[in-house]
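Participant: Dumping the structure here so I can ask a few things about it.
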Amino acid sequence: MAGTTREEFLKTVRQSLGRKEGAPEPEYLALRLRREDQRQKVVTIEARVEARRRDLLTRLERVAGQSGWRVYRAASPEAAAGYVLKLAREKAADLVVRSEHDVFRRVPIDGLLRQEGIAVTPILAARAGDREHLRQEMDKAQIGVTGVDYAVAETGTCVLLPRRGVSRAVSLLPPVHVALVEPHQVYETLDDLFAVRRLAFIQGRGDAGSYLSLTSGPSRTADIEQTLVIGVHGPVEAHLVLLPPAPEAASPRPGTPSP
Amino acid sequence: MAPVQVRTQEFPRASSRALANGRVQQALTNVMGHFDHAREAAIQELTPEVWERYRERGREIKRHAMEYLDFYLELLSERVEANGGKVHFARTAQEATQIVLEIAKALGVKVAVKGKSMLSEEMGLNHALEEQGIAPVETDLGEYIIQLAQEPPFHILAPAMHKTKEEVGELFAAKLGLGGLQQIPDMAAAARKTLRERFLQADMGITGVNFAVAETGTVVIVTNEGNGRMCTSLPRVHVALMGMEKVVPALEDLSVMLRLLPRAATGQRITSYVTLVSGPRQPGDEDGPEEFHLVIVDAGRTRLLADPELREALYCIRCGACLNTCPVYRKVGGHAYGWVYPGPIGSVITPVMVGLPRARDLPFASSLCGACREVCPLKINIPLMLVSLRRRLMEGAPGERGVSWGQRLLVRLWSRVVASEGSLRRARRLAAVFQRPFLRRRVVRWIPFPPFSRWTRNRDMPGLARRSFHELWDRDLKTTGRSKRP
Ligand code: SF4
């Protein structure tokens with residue numbers, strides 16, 4: 001194999017730093033926080049976020065709107081499903097793909113769309129067994145609908161953790177992406193998000209998940225004459241549908257601390 | 001495209017050509033102000049105080065990461081491998097290219113889609129892939145355009161900013177057979193369609209890396225178009241190329257970095273897409289590449305690391321702000337600099353990468369006004385580094401000197417003269433007489449004989465005032481605090 005061994009490479013780096021030996025683990029706070037401290041940190045974050053929930057939702061709505069999301073605050077899960085249907089009609093869609101997020105138990109879009117003769121494909125390749133076919137479906141579909149794992153008010157961001165049932169492509173290939181966001185998923189800042197993810201990493205014994213995607217609006221470019229064009233590779237339209245709180249205790253977030 | 005050529009020696013001529021090129025001047029005038037305004041507005045929205053805090057924090061993260069670079073690179077590579085990725089180390093750009101070619105050949109890759117990567121420009125990767133019969137397809141719209149035009153990037157962020165929409169239209173017609181495109185959105189739509197096919201065909205995705213988190217073994221890719229996400233999700237192998245300085249220690253360091261980069265670059269709070277990749281697809285994942293390779297590249301960076309005066313250059317996050325604000329870049333544009341990285345930061349990095357003697361004009365392509373340092377999100381002291389390089393050129397071995405004997409003589413003389421009040425006064429009086437034949441409307445434009453000719457060729461000097469400050473001081477200023485006649 002071409003290249004240099006790690007040892008050789010690191011030796012050169014060390015020499016450039018004027019050091020002979022490898023450095024001992026540096027004192028770096030963000031790395032030093034162990035499991036219990038990180039958990040405490042997240043508990044504090046959760047409490048703050050809980051206390052500011054209403055403001056955070058307003059802020060998310062405002063910032064997301066500024067970043068190019070079309071934001072819809074649904075009064076009920078049914079209204080949210082209705083929004084998706086209306087969108088599908090507007091786009092004359094005949095195929096909608098969606099992920100397998102929990103939120104679809106509250107927002108049953110499948111039945112509603114199918115009644116209108118619009119096909120809905122939930123992306124669960126493991127079951128279908130044919131990834132190539134699914135990819136083509138996603139490339140053909142006019143709309144992709146997903147839940148989210150987190151949202152960040154500071155930046156108007158929806159965060160997805162692709163995994164079983166959550167394809168990366170649903171929010172990427174179709175020209176329209178709809179993200180369904182539940183209030184308990186909203187955090188205040190990027191710091192909150194990464195603190196929560198770090199805890200998940202520690203609790204998962206070093207499993208960061210293969211992928212984490214932060215989406216803050218539609219695809220855009222200004223590469224020709226610095227003129228903004230929306231929708232170059234990814235979605236041309238990005239819709240953020242903010243749901244009302246679930247009546248019963250919300251389902252736990254992936255990063256929620258467990259004792 | 002040909003392998004990356006070093007044309008840094010041509011800076012004086014190339015910059016004159018750029019100055020004389022109306023189209024380039026028009027593009028620069030149209031575009032550069034945009035960037036500056038957007039960045040300023042984003043900072044105002046955040047408030048300059050908060051911005052300053054983020055800058056300090058970002059700088060601290062980078063300073064620390066560079067100081068313990070060996071530790072963090074080791075940690076990063078261990079974690080990436082624990083996630084199922086494969087890590088490669090390359091001391092040179094050629095080694096890095098070899099690594100990518102071997103991966104591609106082992107998998108029988110025919111089409112490779114590429115996200116934007118300045119490092120791959122250093123490597124001349126596209127050329128190397130083509131020679132092996134592999135089609136590299138740039139997918140960032142700007143990169144795609146210059147790939148079609150077979151040109152190097154003009155700007156690290158907006159590689160095709162020097163192209164008018166008419167030129168892009170002609171290019172699409174000539175190279176893609178897509179005639180009649182006049183509006184920019186139509187061109188973007190055409191590129192979407194063409195490139196979508198390539199994404200679905202490609203066996204390999206190649207991307208750069210904006211940040212790499214050592215703690216979690218994660219690489220972070222920042223884009224607005226979504227092409228980075230396509231490159232990392234659709235093909236069956238993903239190769240990420242990173243300069244070794246991209247590493248940050250902890251996941252939580254990302255928040256401040258992600259606040260600095262988009263604001264400094266385009267004035268956005270965050271880019272549309274930020275993608276964190278921590279290895280290949282895991283069992284149960286619906287999609288994602290089967291193989292993930294991380295190539296960590298030195299290619300001259302250890303020289304910066306070992307140099308106490310220049311180490312800061314490794315803090316650079318390639319936001320382009322220093323280019324956008326630089327009075328030299330804003331006039332001569334990106335191609336004149338003759339290598340991969342233009343502008344103020346390029347004038348520091350390039351001489352170290354390609355050799356100071358070959359790039360001797362670059363450290364002088366600056367008025368040392370300090371604007372670059374002012375706007376740099378990492379507060380990199382570019383002017384100081386340029387001065388350091390100038391000093392090396394002055395003091396270097398004769399073959400490495402960047403200045404003629406005449407200039408050296410002039411500088412020696414100058415430092416003698418200004419060292420004492422008496423000699424300064426005498427020299428001034430002499431110069432006031434000497435300048436007369438060369439004055440054109442009170443400006444000295446050119447003194448046509450050495451040792452002055454070279455220095456004055458590109459510089460206009462305001463003529464000396466009729467009365468010097470010394471004289472004014474002696475007459476009135478000293479006693480009255482004001483001068484009667486300015
Ligand atoms: S030197 Fe600073 S301003 Fe210039 S590109 Fe790098 S980070 Fe941006």
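Participant: Quick check on chain B: what are the equivalent-ellipsoid semi-axes from the Cα gyration tensor, as sqrt(5λ), descending, whole Å?
Facilitator: Each semi-axis is √(5λ); the values are 46, 25, 22 Å.
Participant: With no solvent and one equal point scatterer placed on each C-alpha of segment B:1-74, evaluate the Debye formula and give log10 I(q)/I(0) for q = 0.16, 0.28 Å⁻¹, two decimals.
Facilitator: -0.91, -1.19
Participant: What net charge is computed for the residues neighbouring B:Pro451, neighbours being all others with C-beta under 13 Å from the C-beta of B:Pro451, Lys and Arg scored +1, Asp and Glu -1?
Facilitator: Overall, the nearby charge balance is +4.
Participant: Set the Förster radius R0 to 35 Å, insert the Cβ-Cβ distance between A:Met1 and B:Gln5 as r into 1/(1 + (r/R0)^6), and round the FRET efficiency to 0.05.
Facilitator: 0.80
Participant: Could you check the simple spin-label distance between B:Leu424 and A:Arg54, using points 7 Å along Cα→Cβ, in nm with one decimal?
Facilitator: With each label placed 7 Å out from Cα toward Cβ, I get 6.8 nm.
Participant: Treating cross-link reach as a plain straight distance, find the aspartates and glutamates whose alpha-carbon is under 12 Å from the alpha-carbon of B:Lys62, omitting any fewer than eight places away in the same chain.
Facilitator: Within the straight-line limit of under 12 Å, B:Lys62 reaches these aspartates and glutamates: B:Glu245, B:Asp253, B:Glu312.
Participant: Is any residue of segment B:432-475 close enough, with backbone N under 11 Å, to a label point placed 7 angstrom from the Cα of B:Ser16 along the Cα-Cβ axis, and if so, which?
Facilitator: What the label zone holds, given the 11 Å backbone N cut-off, is B:457-458.
Participant: Considering only the protein assembly as shown, what is the antiparallel percent among its DSSP beta bridges, to the nearest 5?
Facilitator: Antiparallel bridges make up about 35 percent of those DSSP assigns within the protein assembly as shown.
Participant: What do you get when you divide the Cα radius of gyration of segment A:72-181 by 2.2 N^0.38 Å, with N the number of residues?
Facilitator: Relative to the 2.2 N^0.38 Å estimate, segment A:72-181 comes out at 1.01.
Participant: Now a separate question. For segment B:324-477, calculate the relative contact order in percent as a whole number, restricting contacts to Cα pairs under 8 Å that are 6 or more residues apart.
Facilitator: 13
Participant: Could I ask something else about it? How well do other chains shield peptide A:165-176, expressed as the mean number of their Cβ atoms within 10 Å of each residue Cβ?
Facilitator: The per-residue average across the peptide is 4.
Participant: Which value in Å is the Kirkwood Rh of the protein assembly as shown over different Cα pairs?
Facilitator: Computed over Cα pairs of the protein assembly as shown, the Kirkwood hydrodynamic radius comes out at 27.8 Å.
Participant: Subtract the Cα-Cα distance of B:Trp473 and B:Arg445 from 0.36 nm times their separation in residues, and report this length gain in nm to one decimal.
Facilitator: Value of the extension gain: 7.2 nm.
Participant: While we're on this one: Keeping the other protein chains in place, figure out the carbon and sulfur percent of the accessible area of chain B, with a 1.4 Å probe.
Facilitator: The C+S portion of the solvent-accessible surface of chain B is 53 percent.
Participant: Amide H neighbours of A:Glu188 under 5 Å, at least 5 residues apart or on other chains, H built in the peptide plane: list them.
Facilitator: A:Ala153
Participant: Please give the helix A:131-140 orientation as an angle from the longest Cα principal axis of chain A, in degrees from 0 to 90, rounded to the nearest 10.
Facilitator: Rounded to the nearest ten degrees, it is 60.
Participant: Please report, to two decimal places, log10 I(q)/I(0) for segment B:405-480 at q = 0.17, 0.19, 0.22, 0.24 Å⁻¹ as given by the Debye formula with identical point scatterers on the Cα atoms and no solvent.
Facilitator: Listed by q, the Debye log ratios stand at -0.77, -0.92, -1.12, -1.22.
Participant: Let me ask you something else. Sort chain A into rounded, prolate or oblate with this rule: let a ≥ b ≥ c be the square roots of the eigenvalues of the Cα gyration tensor; rounded if a/c is under 1.5, and if a/c is not under 1.5, prolate when a/b is larger than b/c, oblate otherwise.
Facilitator: It comes out prolate by the Cα gyration axes.
Participant: Treating cross-link reach as a plain straight distance, find the lysines whose alpha-carbon is under 27 Å from the alpha-carbon of B:Lys165, omitting any fewer than eight places away in the same chain.
Facilitator: The reachable lysines, counting only those whose Cα sits under 27 Å from B:Lys165, are B:Lys114, B:Lys116, B:Lys175, B:Lys193, B:Lys331.
Participant: First measure r as the distance between the Cβ atoms of B:Arg459 and B:Ala190, then evaluate 1/(1 + (r/R0)^6) with R0 = 60 Å and state the FRET efficiency to the nearest 0.05.
Facilitator: Working from the Cβ atoms, E equals 0.85.
Participant: Once B and A are treated as a pair rather than alone, how much accessible area drops out, both sides summed, in Å² to 100, probe 1.4 Å?
Facilitator: Chains B and A together bury roughly 7800 Å² of accessible area.
Participant: Further question: Classify segment B:84-132 as rounded, prolate or oblate from the Cα gyration tensor: take a ≥ b ≥ c as the square roots of its eigenvalues, call it rounded if a/c is under 1.5, otherwise prolate when a/b beats b/c and oblate if not.
Facilitator: rounded
Participant: Further, regarding this structure: How much accessible surface does A:Trp69 have with a 1.4 Å probe, in Å² rounded to 10?
Facilitator: My reading of the accessible area for A:Trp69 is about 10 Å².
Participant: Which peptide among A:7-14, B:452-459, B:210-217 comes first, and what is the full order, when sorted by highest mean count of other Cβ atoms within 10 Å?
Facilitator: So the peptides A:7-14, B:452-459, B:210-217, ranked by packing, come out B:210-217, A:7-14, B:452-459.
Participant: Can you give me the angle between helix B:11-20 and the longest principal axis of chain B, using Cα atoms only, in degrees from 0 to 90, rounded to the nearest 10?
Facilitator: Once rounded, one gets 90 degrees.
Participant: Between rounded, prolate and oblate, where does segment B:139-210 land on the alpha carbon gyration tensor, with a ≥ b ≥ c its root eigenvalues, rounded for a/c under 1.5, else prolate if a/b exceeds b/c?
Facilitator: oblate
Participant: Determine the percent antiparallel among the DSSP beta bridges restricted to chain B, to the nearest 5.
Facilitator: 30
Participant: Right, something else. List the cysteines of chain B that have no other Cys Cβ closer than 4.7 Å: which are they?
Facilitator: Flagged as lacking a Cys partner: B:Cys231, B:Cys316, B:Cys319, B:Cys326, B:Cys369, B:Cys376.
Participant: Pick out which of A:Asp191, A:Asp223, A:Asp37 has the largest mean-square fluctuation in a Gaussian network model of chain A, springs linking Cα atoms closer than 10 Å.
Facilitator: A:Asp223
Participant: May I pose another question? If I fit a long axis through the Cα atoms of helix B:421-434 and take the longest principal axis of the Cα atoms of chain B, what angle between them do I get, 0 to 90°, rounded to 10?
Facilitator: Long axis of B:421-434 versus the principal axis of chain B: about 90 degrees.
The values are calculated or read from the model by the stated rules, or taken from the named source; none is laboratory data. Because the structure is a prediction, the values reported are computed rather than measured. Methodologically, a virtual Cβ is constructed for each residue, glycine included, from the backbone with ideal geometry; neighbour enumeration extends over all protein chains shown. The accessibility values were calculated without ligands, DNA or RNA, using every heavy atom of the protein model including side chains. Shrake-Rupley method; radii C 1.70, N 1.55, O 1.52, S 1.80 Å.
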